[in-house]
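The structure under discussion appears below in the form of C-alpha cells.
Read-outs: derived from the displayed coordinates by stated rules, not from any lab. Since we're looking at a predicted model, the values are computed, not measured. No Cβ is skipped: glycine too gets one built from the backbone with ideal geometry, and neighbour counts run over all protein chains shown.
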Amino acid sequence: MPLDREVYDFPTAIPLKVIGRNEDEFEQFVMGLFYKHVHVEDIHRVSQRLSRGDRYLALTVTFTAHSREHLDAVYAELQSHQRVLFVI
C-alpha cells in the first residue's frame, strides 16, 4: 500500500475527543473553536464525560470532515490553545 494513500473517504463523520480542565465554560470554548471551521449542520453529536473528581472534562464531537485539509484545520485549531490538554 502506498504511504500517501488516504485513510478516510471524504466527506466522512469523524469523532474528535477534546480534553481540558473542567472550568470556565470549557464546553462552550471548545464548541466555539469547532464553529470556526465546521458549520452547525455538520456537527452530528456532542457528548461529554467528567473525570473522577470532576477536574477534567472530555468532549467528543462528531462532525463531517469534508477533506483531509478540513480535518487538519480543525485539529490544528484545537491543538493551538492552552486550555486544550489533549485532542484524540
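Each Lys or Arg adds one and each Asp or Glu subtracts one; over the other residues with Cβ under 11 Å from the Cβ of PHE29, this totals -2. In this label model, VAL46 and GLU23 are separated by 2.2 nm, measuring between points 7 Å along each Cα→Cβ vector. Each residue in TYR75, TYR8 was given a count of other beta-carbon atoms within 10 angstrom of its own, and listing them fewest first yields TYR8, TYR75.
Since only PHE86, TYR35, VAL74 are under comparison, the one whose Cα sits farthest along the positive direction of the charge dipole of the chain, derived from C-beta charges on Lys, Arg, Asp and Glu, is PHE86. The mean sequence separation of alpha-carbon pairs under 8 Å and at least six residues apart, normalised by the residue count of the stretch 12-87, gives a relative contact order of 46 percent. Between THR12 and ILE88, the modelled labels are 2.0 nm apart [label points 7 Å from Cα along Cα→Cβ]. Its Cα centre serving as origin, the chain has a Cβ charge dipole (Lys and Arg +1, Asp and Glu -1) of approximately 380 debye. Taking the Cα atoms only, what angle lies between the long axis of helix 26-35 and the longest principal axis of the chain, rounded to 10 degrees? So the helix axis and the longest Cα principal axis differ by about 20 degrees.
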